[in-house]
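Structure first, then comments.
The values are calculated or read from the model by the stated rules, or taken from the named source; none is laboratory data. The structure displayed is predicted, hence computed values, not measured ones. Note that each Cβ is placed from the backbone with ideal geometry, even for glycine, and that neighbours are counted across all protein chains shown. Note: accessible area is taken over every heavy atom of the protein model, side chains too, but ligands, DNA and RNA are not part of it. Shrake-Rupley method; radii C 1.70, N 1.55, O 1.52, S 1.80 Å.
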Amino acid sequence: MENKFKKFDNAFEGANWNEHEDDFTQAFYEQNLSQFWRPEDISLQPDLNVWETLKPEIKLAYSRNLLVLTFLDTYQGDIGMPVVSRSLDEKFHQRKAVLNFMAAMENAVHAKSYSNIFMTYMTTPDIDELFKWGEKHKNLQRIMELIVGYYKDLDRYNYIHKFESMKKGYKDLDFRIAQWKAMVASVFLETWLFYSGFYYPLFFYGQGKLMQAGEIINLILRDESIHGLYVGRLAQELFETFSNELQDELQTWVYQFLNELYHEEVELIESIYDEVGLTHDVIVFVRYNANKALMNLGFDPYFEQEDVNPVVLNGLNTETKTMDNFSMKGNGYQKMKSEMIKDADFYFEKEKIIKFGDE
Ligand SMILES: [Fe+2]
Ligand SMILES: [Fe+2]
């Protein structure tokens, strides 16, 4: 009997990892899994001695930054990564696996880690108040609205593409534009927006303070760094399929979107960092990372090159860290095999797979 739901040319198929889908996804897969960690790997108790000595305004700025990060990671896990994964053609089982793995890290590991920091440093009423602050913060809410807005748009187009693409006259260009814009939003979040929040923990870490929380931030930062590179790579591939005219139009959109977000970012940063006198430095750092996000997407930098606070660069410099031996992790931690990555590890030559760590 004919199965009307299944046709031979549209048969379900399994993920065959014996064949490479492209020349970069399996390398990203390896790197992602080798970096896997759990929030409970790092004991936060040793930080309490320092935390207790901090002034209230410093504690407030620190916790508010982690709250901003929490909001971004929550939605990146709940909708951002999953919606991009779902938008990929069904044949890309390995790409979907990589994105799904990243999605799982965002909320279940990253957001959970921020909560672990809150639970160690703060009381429940203070934590509740902190979350309410975020829910009411105009600029944070606007940033979420902008980013998640593009994820929701793609969510809608995913549905249309899946169920209405058989209809006469269907054109998939709108779907592909929505897909690309969601990828841009994703890279902006991963490689740029996180960094206003990362600044303060790195600022402490670079001075040898709140080291356990700093270690968590570094593990998260290491993850976000490859997330931004991977989604950026997919976005660039998609962008190349657009006509020159459309590319010009979308490039204009990218810089407009960047400016819209930047405006909100600056006000968000002022509201958190003015009290501790770091607003200027953080904005410089944020501009530096906005340029990096543009680079991941294949666009030219927008902001002038400026010097970033060396203390933060010291906290950021992954090569000087203990990440490969995880000396500060808790007792229950099993050492994993993982190498530090460099940007150069992700430049892929055509037809050639560069193994991570190879020089
Ligand atoms: Fe994350
Ligand atoms: Fe991420």
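Tabulated data
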{"read-out": "Helix-only CD estimate at 222 nm, as mean residue ellipticity for the chain, using -39500 (n - 2.57) per DSSP H run (n ≥ 4)", "value": "-20000 deg cm²/dmol"}
{"read-out": "Potential lengthening between Ile127 and Ile58 on full extension [0.36 nm per residue; Cα-Cα distance subtracted]", "value": "23.3 nm"}
{"read-out": "Region 151-248: proportion of alpha-carbon pairs further apart than 24 angstrom, %", "value": "42"}
{"read-out": "Sulfur and carbon atoms: percent of accessible area, region 1-158 [1.4 Å]", "value": "53"}
{"read-out": "Label-point separation, Lys91 to Lys152 (7 Å along Cα→Cβ), nm", "value": "3.4"}
{"read-out": "Sites Phe242 and Glu135, calculated FRET efficiency, Cβ-Cβ separation with R0 45 Å, nearest 0.05", "value": "0.75"}
{"read-out": "0 to 90° range, to nearest 10: angle between helix 93-105 axis and the chain longest Cα axis", "value": "20"}
{"read-out": "Kirkwood hydrodynamic radius of region 25-352, from inverse mean 1/r over distinct Cα pairs, in Å", "value": "20.4"}
{"read-out": "Cα-projected label distance for Leu33 with Asn100, points at 7 Å along beta-carbon direction, nm", "value": "1.3"}
{"read-out": "Length added when fully stretched, Ser115-Glu164, from 0.36 nm per residue minus Cα-Cα", "value": "13.5 nm"}
{"read-out": "Solvent-accessible area per residue, Å², over the chain with all protein chains present [probe radius 1.4 Å]", "value": "50"}
{"read-out": "Highest average packing first - 133-146, 154-167, Cβ atoms within 10 Å", "value": "133-146, 154-167"}
{"read-out": "Set Lys59/Lys112; Lys59/Lys138; Lys132/Lys152; Lys59/Lys96; Lys167/Lys292 screened for pairs whose C-alpha atoms are more than 30 Å apart", "value": "Lys59/Lys96; Lys167/Lys292"}
